[in-house]
Amino acid sequence: MVIKKYLADTQQAAILLAKEDLGNNAVVMNIKEIRPKGIFRIFMKCKVEVTAAVDDNISSGTANDSNSTVNLVADEKVSLTPNPKTLDALEQAMRNGELDRKKDKNEEKNNSGKKDIVSKDNASKDDNVINNNDSKDNRSKIKETEQPSKNDELVDFEKRIAHIQDSIKDLIDERIKNDTQKKVDEGSSDEHFSDDSDATDDSRRVDSYKKLIYEQLIDSEVTPTHAKELIEEIKDLITPDITIDRVLAIVYQKIILNLGQPMLINTKSDGKMHCSFFIGPTGVGKTTTIAKIVSDLKLNHNCKVALITADTYRIAAVEQLTTYASILDIPLSVVYSPEELKEALTKFKDFDHVLIDTAGRSHLNNDQQNDLKKLLDSVSNKDVYLTLSITTKYKDLIEVAEAYKKITEYRMIFTKLDETNGIGNIYNLRRITKSPLSYITYGQNVPDDFSKIDTQDIAKIMLGGKAYGSGRKS
């Protein structure tokens with residue numbers, strides 16, 4: 001098998017170069033975006049590196065069939081660019097909230113007495129005219145920010161964030177003023193409102209910040225319990241004079257700290273064989289995830305890799321791994337018992353890594369769980385990766401994680417991040433199981449659409465950043 005790399009401005013151009021050089025039988029093994037470096041990198045275009053391979057012994061028809069069976073053309077990678085739609089929605093919500101509060105305020109004034117009805121109605125109309133004019137001005141400004149040039153995209157985003165921060169501050173100030181005045185008008189004796197108006201405003205400002213963070217975490221599907229715990233951990237750092245951007249920075253840093261340091265497969269060769277098991281329920285994408293990791297180890301880290309599958313219940317799983325192994329030119333063994341597993345590992349003792357695919361097991365089936373435990377116990381030195389779909393219900397995820405915890409310690413892989421905007425369950429599972437995070441996947445394309453988990457990315461998405469399923473590029 002001949003493996004070569006090709007560099008071009010676009011993916012299509014690089015693939016064309018590969019086929020011109022290797023022929024139509026060439027199979028794309030990996031696609032990598034090469035980012036420019038240096039101080040002027042923001043003005044330079046990214047390059048695309050395509051790794052392609054061809055087997056001289058394979059006929060044209062056979063190569064085409066193989067290529068149609070296994071999709072090895074990479075999709076676009078994930079981006080850290082924030083989501084403009086999220087900002088639009090936030091801006092619109094703030095405008096709507098501002099109009100609603102002013103409308104409520106006018107209604108309260110209209111009901112306070114008959115003598116001032118006419119004058120207050122006129123004031124209400126004047127306020128509405130002003131609000132409408134302000135809304136039109138705001139809409140025109142937003143339309144301008146929705147059409148940035150490519151070179152000014154980052155500057156434009158920073159301006160919009162600044163605009164949102166200013167708006168949030170104004171809304172918080174207005175809410176504090178209105179709520180305080182309402183309590184005074186009603187003659188409330190609530191001890192929460194002291195005679196010191198400055199202290200009252202400060203307290204309510206801090207509460208407003210906490211509420212904003214809490215609602216965002218809940219929207220990202222963090223459980224109320226874990227959202228409250230996080231806010232409790234940072235409450236002493238949120239002071240009345242703090243800015244909203246500083247609050248977000250504190251929460252961002254705390255999320256990263258709570259997610260912990262990812263634990264990955266060691267890609268450095270140390271002369272020892274490393275055995276990694278992949279376990280989990282059916283349908284979460286274990287086999288595809290293994291193929292992505294194997295491709296990364298071989299193509300990007302030049303590791304000597306072997307595959308073992310114990311998933312003999314699904315013929316398709318064996319065929320899928322057989323196809324990947326053939327394309328990547330790596331050995332594959334099929335085992336049916338712990339004894340056969342030991343024999344296969346002995347055969348692969350000179351390899352850097354041996355990845356073992358297991359059959360999907362129901363956490364509710366004790367017999368299946370016992371069979372898996374016997375397989376795992378037959379190997380003393382191993383790493384175990386529990387593969388979970390982020391789209392699974394929270395309750396089911398907890399039950400699965402706790403059931404597998406009774407069998408073995410594990411690291412966690414989360415799949416299908418491209419199918420949801422709510423990734424709070426990554427945070428929830430990490431806090432409950434205390435098990436380290438490792439990899440994530442966000443598509444079907446092999447060897448791409450997967451990466452080691454980036455806790456900074458996860459924190460950004462939890463705080464309203466662009467999710468993996470909304471066209472992120474990186």
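Nothing in this text is a laboratory measurement; each read-out follows from the coordinates by a stated rule. Keep in mind it's a predicted model, so treat the numbers as computed, not measured. Quick reminder, even Gly has a Cβ in these numbers, built from the backbone with ideal geometry, and neighbours come from all protein chains shown.
In order along segment 327-341, the Karplus-derived 3J(HN,Hα) couplings, from 6.51 cos²θ - 1.76 cosθ + 1.60 at θ = phi - 60°, round to 5, 7, 6, 10, x, 9, 10, 10, 10, 10, 7, x, 5, 5, 5 Hz, and Gly and Pro are given as x. Can you tally the net charge around ALA52? Count Lys and Arg as +1, Asp and Glu as -1, for every other residue whose Cβ sits under 9 Å from the Cβ of ALA52. Taking every Cβ under 9 Å from that of ALA52, the sum is +2.
Take the Cβ atoms of SER269 and LYS211, set R0 to 56 Å, and the FRET efficiency comes out at 0.60.
Go through segment 322-368 and name the chymotrypsin sites (Phe, Trp or Tyr not before Pro) that are in a DSSP coil and have 13 or fewer other Cβ atoms within 10 Å of their Cβ.
Filter output for segment 322-368: TYR336.
In segment 246-338, the C-alpha radius of gyration followed by the widest Cα-Cα span (Dmax) gives 17.4, 56 angstrom. In a reduced charge model with +1 at each Lys and Arg Cβ and -1 at each Asp and Glu Cβ, segment 274-470 shows a dipole moment near 580 debye about its Cα centre.
Separation of segment 357-418 from segment 428-444 is 12 Å, based on Cα centroids. Gain on full extension, evaluated as 0.36 nm per residue between ARG246 and LEU16 minus their Cα-Cα distance, stands at 78.0 nm.
Between ASP350 and ASP202, the simple spin-label model (points 7 angstrom out along Cα→Cβ) gives 7.3 nm. Sorting the segments 368-381, 201-214 by their mean number of nearby beta carbons within 10 angstrom, highest to lowest, gives 201-214, 368-381.
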